[in-house]
Amino acid sequence: MSYLKFDKSLMINLEQSLPKEMLRTNQSGAYHCTTIVDCNTRKQHGLLVVPIPEMDNSAHVMLSSLDETVYQHGVPFNLGLHRYTGGVMSPNGHKYIREFDCENVPRTTYRVGGVILTKEKIFISNENRILIRYTLVEAHSPTSLRFRPVLAFRDANELCIANDALNTEIPLIDNGVSACLYDGYPRLFMQFSSKPEWTYDPNWYKGFEYVKDLERGVPYSEDLWVPGYFDVPIKKGESLIFSAGLSEVDPAELPRMYEREIAQRTNRTSFFNCLKNAVKQCYIKEGAEMYLISGFPWGKIIARNTFMALPGATIAINHKDDFKKIADTALKALDEYLANGTLSTRIQGIDLPDIPLWAVWAIQQYAKAYGRDEARELFGKEVSKLVDTILEGRHPMLYINEEGLLSTDSSQKPMSWMNASLGGRPVVGRTGMLVEFNALWYNALIFAAKLHEGSDEAKRYQETADKLAPAFVRTFLNDYGYLYDYVNGQYADPSVRPNMAIAIGLDYSPLDRRQRKKVLDMVTRELLTPKGLRTLSPKSYGYRPHYLGSPEDREMALHNGPARPWLMGFYADAYLKVFGMSGVSYIDRMLIGFEDEMVQGCIGSLSQLYDANPPYIGRGAISHVTNVAEVLRTLTTLKKFTMD
């Protein structure tokens, strides 16, 4: 039985099936995303969504969907499904679905009378092309298929309204047609492995509604253009492949292209394999450079997410070379900023003050996996450069005092990962000495000292850490046994937040084992959920457990309650450091909450955040690289812990 399989009873129940989404990418920024019943519920959904660097850094929906109709004896059976104005669902093709299986590639099985038809989708790696293979498994009479391409040609975060500006010319090409609706866009080539009959019948289809956008309180209705339709006869046992891409292809090559690509796929037959596939979908390869995108469907390449996710996204799945490629790309951008203030045009947030700290942490994980000698050879100079930049006060957004404690100014712009803002001002104003900044700093100093053991610089790093440790404890550890979130002058913020979990989960902490245990107890009591750690305790002022409502309401809630799965990585590290082998079974049980998510939300992946109260519904981006990566890292940690 497949790990990710949904039967007829679920598929025809839209209340159950519409919330389930699926995602496929080409590891170059393009993606296909929709629900498991092929009904788009977000403006970012589409059959082919691609970045167009010549225009901007955004993704653009080229082909919104492809509506299929089965013809037998001249009678049409439309397999499509859309939501139109007023919540009207049409043409209700989901009622023909018998099964959806996502073990290898997304496969939908339809039954229309005596016809059984399967549909399988696959992206071509590092190419802006999606292939759909239709196989007529059973038919008792002549059968043909009709396909209506629904075109958008718009930014994935915008909507289209019927207009007269589009280019309506649809030239014929080998086994298909091409289209380019607006100036500046590349051409879209739509072709079949068998020769179709094309009928030019242009129409605006008006009033598509996206229910997820409606729920989010943002514009949710648009018009899309259908230029005509293809008709193709198909025989029992025959397969037909449809290609949509930004370049023309030899139709005879489509079957071989499909088979080559499918041979490279990892089956989603386990929790680990689902997460492995999900994290690899966030790889972005551009020539010699390699990046991690923060998530889908609206993620960007972000410096903090890159370094946070890097170990879990590479080392945990045995992709050592990819760690080096992604690290080299990101560290190059970081070095350029620190050297001359040049901001990367590709990686956002490279200037933020904690980026060097997270970069050192990522390198530390490489050293743990492959040894200090190898890490020193590859990244030793980089670690020294980053630590020295902070130690010598050369980072423009970090300030170091005489005790070695770091501070930053978040009064006008968020500086930490809790970066929600309204009206240009931070929602969570964490100005001063932040607990995770200083914990990461202490960890970086000790790691750098051990990496360069025996050298003068190692001695200097160790001396700074020795001075920093008691200052950290005096500054952040309060009488209740937990850590203040930040300290600004005489003010110490008492909010119970998960940043203290980072402080106790790091390999090198200024706290002793007894102090870690007390902090861990507080985190467990007030922050732990089956979906990660809450961003604020229910007992703290301003707690908002649900990421719902208007954009403003959601921004206020973003870091004031909802749980983040990635924080479980540091919680697990802390728990195992305190309880040792006896803590393994407990952490293993906690991960069950994440495995349950493999058939919820974006199947096979983890959402950006989860409501902090039951039933812990996933919200935000449907697939988030840091969450997936840190749960992968935790699974790997547990495996190694039991083997040691």
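Structure data summary
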read-out	value
Among residues of the stretch 213-237, those that are closer than 28 Å to residue 118 by Cβ and either at pLDDT below 95 or among the charged types (D, E, K, R) (or both), counted	3
Tabulated pairs, the stretch 462-480, first β-branched (Val, Ile, Thr), second assigned to a helix (DSSP H, G or I), C-beta under 7 angstrom, 6+ apart or interchain	464/391; 464/445
Residue satisfying condition, being free of Cβ contacts under 8 Å to residues at least 40 places away in the same chain and open to solvent by less than 50 Å² (accessible area, probe 1.4 Å), within set 580, 620	580
Flag if residue 66 is more than 22 Å from the chain's Cα centre (by Cα), at pLDDT 95 or above and part of a strand (DSSP E or B)	yes
Single residue of the stretch 194-203 satisfying the filter (open to solvent by 30 Å² or more (accessible area, probe 1.4 Å) and of a type outside the set (Asp, Glu)) that is nearest to residue 130 (Cα to Cα)	194
Among residues of the stretch 213-233, those that are out of contact with any helix residue (DSSP H, G or I) (no Cβ under 9 Å at 6 or more places or on another chain) and either under 20 Å from residue 165 (Cα atoms) or assigned to a strand (DSSP E or B) (or both), counted	12
Answer from 395, 452 - the residue that is closer than 30 Å to residue 371 by Cβ, in contact (Cβ under 8 Å) with a residue 40 or more places away in the chain, open to solvent by less than 10 Å² (accessible area, probe 1.4 Å) and not small (Gly, Ala, Ser)	395
Any hit, the stretch 334-349, residues being open to solvent by less than 20 Å² (accessible area, probe 1.4 Å), closer than 29 Å to residue 433 by Cα and in contact (Cβ under 8 Å) with a residue 60 or more places away in the chain	no
Search result, residues across the stretch 234-258 that are more than 26 Å from residue 141 (Cβ to Cβ) and either touching a residue at least 60 places away in the same chain (Cβ under 8 Å) or outside any helix (DSSP H, G or I) (or both)	243, 244, 245, 246, 247, 248, 249, 250, 251, 254, 257, 258
Tally of residues being over 30 Å from residue 548 (Cβ atoms) and surrounded by 15 or more Cβ atoms within 10 Å (Cβ to Cβ) across the stretch 204-232	8
Flag for residue 142 being in contact (Cβ under 8 Å) with a residue 60 or more places away in the chain and not hydrophobic (A, V, I, L, M, F, W, C)	yes
Residue satisfying all of: in the stretch 465-506; β-branched (Val, Ile, Thr) and open to solvent by 20 Å² or more (accessible area, probe 1.4 Å); farthest from residue 362 (Cα to Cα) among these	475
Residue check for residue 509: open to solvent by less than 30 Å² (accessible area, probe 1.4 Å), of a type in the set (S, T, N, Q), closer than 27 Å to residue 409 by Cα and out of contact with any Lys or Arg (no Cβ under 7 Å at 6 or more places or on another chain)	no
Criterion: within 20 Å of residue 502 (Cβ to Cβ), open to solvent by 60 Å² or more (accessible area, probe 1.4 Å) and either out of contact with any Cys (no Cβ under 7 Å at 6 or more places or on another chain) or in contact (Cβ under 8 Å) with a residue 24 or more places away in the chain (or both) - qualifying residue of 419, 438, 443	419
Breaking point among (1) touching a strand residue (DSSP E or B) at 6+ places or on another chain (Cβ under 8 Å); (2) more than 30 Å from residue 80 (Cβ to Cβ), for residue 272	(1)
Positions within the stretch 548-603 being within 16 Å of residue 638 (Cα to Cα) and aliphatic (A, V, I, L, M), in sequence order	567, 568, 572, 574, 576, 578, 581, 584, 587, 590, 591, 592
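This table checks each residue for (1) surrounded by fewer than 18 Cβ atoms within 10 Å (Cβ to Cβ); (2) among the charged types (D, E, K, R); (3) more than 27 Å from residue 220 (Cβ to Cβ); (4) in contact (Cβ under 8 Å) with a residue 24 or more places away in the chain.
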position: 129; (1), (2), (3), (4): no, yes, yes, yes
position: 147; (1), (2), (3), (4): no, no, no, yes
position: 156; (1), (2), (3), (4): no, no, no, yes
position: 160; (1), (2), (3), (4): no, no, no, yes
position: 165; (1), (2), (3), (4): yes, no, no, no
position: 174; (1), (2), (3), (4): yes, yes, yes, yes
position: 179; (1), (2), (3), (4): no, no, no, yes
position: 187; (1), (2), (3), (4): yes, yes, yes, yes
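The values are calculated or read from the model by the stated rules, or taken from the named source; none is laboratory data. Since the structure is predicted, the reported quantities are computational estimates derived from the model, not experimental observations. Glycine gets a Cβ as well: all are built from the backbone with ideal geometry, and neighbour counts include every protein chain shown. Just the protein is used for accessible areas: all its heavy atoms, side chains included, with ligands, DNA and RNA removed. Shrake-Rupley method; radii C 1.70, N 1.55, O 1.52, S 1.80 Å.
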